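The values are calculated or read from the model by the stated rules, or taken from the named source; none is laboratory data. The structure presented is a predicted model; accordingly, all values stated were derived computationally and were not measured. Positions of Cβ are backbone-derived with ideal geometry, glycine not excepted, and every protein chain shown enters the neighbour counts.
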Amino acid sequence: MPVPVPVPVPVPVPVPRACPRAAPRVVLLVVLLVVLLTSAALAVAARGPVDDLASYDPMTRCAQAPKAGTKVLGAWLVTTYGGGGGASWRPCSGGTSEHEDGRAIDWTLDAGDPTDAASAQAFLTTVFATDAQGNIAATARRMGVMYVIWDDTMYPAWTGFAAQPYLSPGCPDVSTCRPTLRHRDHVHISLSRAGARARTSWYVGRVGRSAQK
Ligand SMILES: [Zn+2]
């Protein structure tokens, strides 16, 4: 007669609760972090090194329309910060103006309105900031900004965007100067030729190659 084999009684395995639930969350967070860091690194890599500070390069001949980069940056300003206007083209007048060669933006803001003034200041602070690699005015350089005029002040790329008092050649002094000539009702931005053609790094992914004329 066979000897009965004892059947092993299963020992209940305690099921830990917190850890198995936490583990996938940690893995998910790590994966998300890696994806975010990778995409940020790729975005920086796609933009490449910071562009040089623009030098003063005045209009030499008229254009028939604003350039692609001018249009994109003008629209981006209004979308990002509010206000109105954008790329501002004018026909040939016989003078010298980036408005006539498609490189100028008139971004409509009122220096007397605290919200508008804050928008302009937010833009200036952002584009003239030094980046993590120590490049001064990194975003303005990437945008191909040649100079900005706002609220009696000019910021030229060729001086590293150092603020300097601005008085329109059409005004004997500030007190008799109209708000438009004082640039108190709009921010004027002139772009370098490369910036206006969307050939500086800020325009990568914003303007197609066929539009970079
Ligand atoms: Zn203007």
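Of all residues assigned to the range 177-185, none qualifies as being among the aliphatic types (A, V, I, L, M) and more than 19 Å from ARG90 (Cα to Cα). You will find that of THR108, THR139, THR79, the residue that is within 16 Å of the ligand (Cβ to nearest atom), surrounded by fewer than 19 Cβ atoms within 10 Å (Cβ to Cβ) and in the same structural domain as GLY195 (by TED's automatic domain parsing) is THR108 and no other.
Looking only at residues in the range 84-102 that are more than 10 Å from the ligand (Cβ to nearest atom) and touching a residue at least 40 places away in the same chain (Cβ under 8 Å), which one is surrounded by the fewest Cβ atoms within 10 Å (Cβ to Cβ)? Spell out how you get there, then give the answer.
So the first thing to find is which residues in the range 84-102 are more than 10 Å from the ligand (Cβ to nearest atom), and the list is 84, 86-87, 89, 91-96, 100-102.
Within this subset, residues satisfying the condition of being touching a residue at least 40 places away in the same chain (Cβ under 8 Å) are 100-102.
Details: GLU100: 19, ASP101: 24, GLY102: 26.
The extreme case among them is GLU100.
Just to check your reading of the model, which residue among TRP76, TRP89, TRP107, TRP158 is part of a strand (DSSP E or B) and aromatic (Phe, Trp, Tyr)? The unique qualifying residue is TRP107.
Within the range 46-66, the set of residues being over 17 Å from the mean Cα position of the chain (by Cα) and not acidic (Asp, Glu) comprises SER55, TYR56, PRO58, MET59, THR60, ARG61, CYS62, ALA63, GLN64, ALA65, PRO66.
In this structure, ASP116 qualifies as of a type in the set (D, E, K, R) and more than 15 Å from the ligand (Cβ to nearest atom). Looking only at residues of the range 169-191 that are within 15 Å of the ligand (Cβ to nearest atom) and of a type in the set (Ser, Thr, Tyr), we find that the one that is farthest from ALA75 (Cα to Cα) is THR180.
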